[in-house]
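The values are calculated or read from the model by the stated rules, or taken from the named source; none is laboratory data. Here the structure is a predicted model, which is why all the values come from computation and not from measurement. Here the Cβ positions follow ideal geometry from the backbone for every residue, glycine too, while neighbour counts run over all protein chains shown. Quick note on the areas: whole protein, heavy atoms, side chains included, nothing else; ligands and nucleic acids left out. Shrake-Rupley method; radii C 1.70, N 1.55, O 1.52, S 1.80 Å.
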Amino acid sequence: MNAYTYVSILFFTVIICFVASFDKRIRFNRYFTAFLKSAILVAIPFVAWDIWFTARGVWWFNTDYTLGIVIAGLPLEEWLFFICIPFSCVFTYFCFEKFFKLDWLSGMNNLIVFVSVIVCSVMALLHHDKIYTLVTAIATIFTLIYLHFIVRAHWIGKASLVFTVLMLGFFPVNGVLTGTGLETPIVNYNPNCFLGIRMLTIPVEDAVYGYTQFLLVLYFFKRFNKHSFDENKERKGSQGT
């Protein structure tokens, strides 16, 4: 049964959100195609990052907990990770945006971006010798600068709140991947390549990595669904008048 550990984590992460997508009150199934486009587009650089880091020994995988299918040095489950995890994250954001009024959080955008960019910049400068820390910090800095200053994304505050809520699921999922409850971790990290600060068994860089990936998938998802989101808001507005 060990061989099904990683794939089981992905299955239980995504199955509830997938089934709920067909609920008449949510109907997220109408956005499956747009989501897949967004997730695959963002997965391209992230998978390349993953392959490169695996080849350099920044991290590696214990294949005892996988199905044994390896593509370009990554277990099949790791490829699926870049679809399943973003699906649950974007679905959760979609539900929050649909059922709650969170526009007031746009007032937090400046604070979130400036604090995050400053913290990541300091970490990158102080720990430039730790490649996971450095690359994660740089990716986050450029992502936030692009979203906030170039495309003027008004939803960074909302996305940050939703990601904070998603941390409730992040801990058990990434916790198991990094060794919680297992004899050995599924994903192992070179101690010379990251800060060594762990939340339980999870490197803090994993949370920042996940935040950046979430923001990028959400950005493209919103772009592909611009008209659909506008129509949805118009319907909500007309119902309120």
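Considering each residue of region 77-89, count those that are surrounded by fewer than 23 Cβ atoms within 10 Å (Cβ to Cβ) and over 13 Å from F11 (Cβ atoms), and give that number.
2
Taking region 177-221 as the region of interest, how many residues are open to solvent by less than 40 Å² (accessible area, probe 1.4 Å) and of a type in the set (A, V, I, L, M)?
Of the residues in that region, 9 qualify.
Would you check which residues across region 64-117 are over 20 Å from V217 (Cβ atoms) and small (G, A, S) and list them?
Listed by number, the residues that qualify are G68, A72, G73, G107.
Please determine, by comparing only the residues of region 7-24 that are within 19 Å of the chain's Cα centre (by Cα) and of a type in the set (A, V, I, L, M), which one is nearest to L74 (Cα to Cα).
By that ranking, first place goes to V7.
Since S88 meets every condition but one in (1) at pLDDT below 95; (2) within 13 Å of the chain's Cα centre (by Cα); (3) hydroxyl-bearing (S, T, Y), which condition does it not meet?
(1)
Would region 58-69 turn up any residue that is in a helix (DSSP H, G or I), surrounded by fewer than 19 Cβ atoms within 10 Å (Cβ to Cβ), within 21 Å of the chain's Cα centre (by Cα) and among the β-branched types (V, I, T)?
Applying the first criterion (in a helix (DSSP H, G or I)) to region 58-69 yields 63-65.
Among the residues that remain, those that are also surrounded by fewer than 19 Cβ atoms within 10 Å (Cβ to Cβ) are: 63-64.
Checking which are within 21 Å of the chain's Cα centre (by Cα) leaves us with none.
Looking through region 58-69, none of the residues is in a helix (DSSP H, G or I), surrounded by fewer than 19 Cβ atoms within 10 Å (Cβ to Cβ), within 21 Å of the chain's Cα centre (by Cα) and among the β-branched types (V, I, T).
Just to be sure before I move on: is I112 hydrophobic (A, V, I, L, M, F, W, C), surrounded by 15 or more Cβ atoms within 10 Å (Cβ to Cβ) and farther than 30 Å from I141 by Cα in the structure I sent?
Here the answer is no, as I112 does not meet what is asked.
Among the listed residues L41, L36, L105, identify the single one that is part of a helix (DSSP H, G or I) and modelled with pLDDT under 95.
Numbers: L41 fails: modelled with pLDDT under 95; L36 fails: modelled with pLDDT under 95.
The unique qualifying residue is L105.
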